[in-house]
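Working notes, beginning with the structure itself.
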Amino acid sequence: MESIERGHRQFGLLGKNIDYSFSRAYFSKKFEQEGVENTSYINFDVDHIDQLELLLQQYKETLVGFNVTIPYKQEVFKYLNEVDPHASAIGAVNTVKVTSNGLMGFNTDYLGFRMSLKPCLKTYHQKALILGTGGAAKAVAYALKDMGIEIVYVSRNPDKDGISYINLRSDLQWMQEHLLVINATPLGTYPNIDNCPDIPYDRIGEQHLFYDLIYNPSETKFLKLAAKKGASTINGEAMLRLQAEAAWQIWNL
Ligand code: NAP
């Protein structure tokens, strides 16, 4: 068990198999560089969300807040006493604050995405294709709708809000009309760097803006192929830092 000092502020990341975690390294470096004392950030790597109760008990004197990652962004809802309306609309929580009334859930992925995209948008980026329909895709969709951008999901099993990859390849209008294309699938993540979503890359032009939520590698095959065609590209690094900073602000309000 971690040593518990009086006044210590404990933060962490709740997830499964998260040894690779960006967050722990990011916050540990931040605390060191900014001289944030008596504060630490650790991984709460659990096999089952039920173990959260034990962690809350174990760290009840010191826990201020924690991030939540795969696979618990939805499952964590049942432990929350209050949910921010944005997180509720998205249906996923990646930040939890411990308050006197219990646990309060937020979503800062959508904030990080919005802030990182905004400076790169041109007036003609009015319609977007979102590849994937998981938690990250839902946060992206929420941010885009908030910015007045129309969205269509591209999915292996599309529902009424989406199209399939076959539709995307057979009807080239989709790529022509949707100048913003976001990869919210894990395809292309290290070490599987030769993978990429199956979309018609030959239809990409200079007005396209390609955004990949993946941050490792920093340039995925998806972004490389788009850049080759003259499109602008953004990787997931800025979103990752901005969502972490937004969480830090929430914890310190
Ligand atoms: P997820 O739930 O595991 O997957 C997202 C979606 O990708 C799935 O719902 C699925 O949609 C599609 N997909 C999965 N495997 C696929 C495959 N083999 N071929 C085609 N489509 C596939 O992941 P997530 O939590 O939403 O995260 C998605 C990505 O965003 C991850 O790479 C994650 O690391 C990244 N992310 C980055 C940030 C950041 O700050 N940069 C934040 C959050 C997430 P369909 O079943 O509808 O096809």
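For the chain, a crude dipole built from +1 on the beta carbon of Lys and Arg and -1 on the beta carbon of Asp and Glu, taken about the Cα centre, is about 560 debye to the nearest 20.
Shape class for the stretch 1-133: prolate, because the ratio a/c of the largest to smallest gyration tensor axis (alpha-carbon atoms, square roots of eigenvalues) is 1.5 or more and a/b beats b/c.
Placing +1 on each Lys and Arg Cβ and -1 on each Asp and Glu Cβ, with no other charges, gives the stretch 111-239 a dipole about its Cα centre of roughly 120 debye. Around the Cα centre of the stretch 9-107, unit charges on the Cβ atoms of Lys, Arg, Asp and Glu (plus for the first two, minus for the last two) sum to a dipole of about 160 debye. Estimated at the nearest 10 Å², the accessible area of residue 24 is 80 Å² with a 1.4 Å probe. Show me the helices of the chain, taken as full DSSP H stretches, that run 20 Å or more along their long axis by Cα and average 0.0 or above in Kyte-Doolittle hydropathy. Within the chain the helices that satisfy the rule are 237-251. For the stretch 84-140, the list of trypsin sites (Lys or Arg not before Pro) that fall in a loop by DSSP and count at most 16 other C-beta atoms within 10 angstrom reads 122. Note on the chain: dipole from Cβ charges, positive end direction compared against 27, 11, 59; the farthest Cα belongs to 27. Taking the charge dipole of the chain about its Cα centre, with +1 at Lys and Arg Cβ atoms and -1 at Asp and Glu Cβ atoms, the residue from 36, 193, 162 reaching farthest to the positive side is 162.
Residue 86 contributes about 70 Å² of solvent-accessible surface, heavy atoms of the protein only, 1.4 Å probe. Taking each residue as 0.36 nm, the span from residue 171 to residue 30 lengthens on full extension beyond its C-alpha to C-alpha distance by 46.0 nm.
Based on the alpha-carbon gyration tensor of the stretch 111-239 and its eigenvalue square roots a ≥ b ≥ c, which shape applies: rounded if a/c is under 1.5, prolate if not and a/b is larger than b/c, or oblate?
It comes out rounded by the Cα gyration axes.
Each peptide in 35-41, 176-182 gets a packing score, the mean of other Cβ atoms within 10 Å over its residues, and the list from highest to lowest is 176-182, 35-41.
Averaging the sequence gap over all C-alpha pairs within less than 8 Å and six or more residues apart, then dividing by the number of residues, gives the stretch 79-196 a relative contact order of 22 percent. Counting Cα-Cα pairs of the chain in 5 Å increments starting at 0 gives whole-percent bin shares of 1, 6, 13, 17, 18, 15, 11, 9, 6, 3, 2, 0, 0.
The values are calculated or read from the model by the stated rules, or taken from the named source; none is laboratory data. Keep in mind that what you see is a predicted model, and the values were worked out from it rather than measured. Cβ sites come from the backbone with ideal geometry, for glycine too, and all protein chains shown count toward neighbours. Remember, those area values only see protein heavy atoms, side chains included, never the ligands or the DNA or RNA. Shrake-Rupley method; radii C 1.70, N 1.55, O 1.52, S 1.80 Å.
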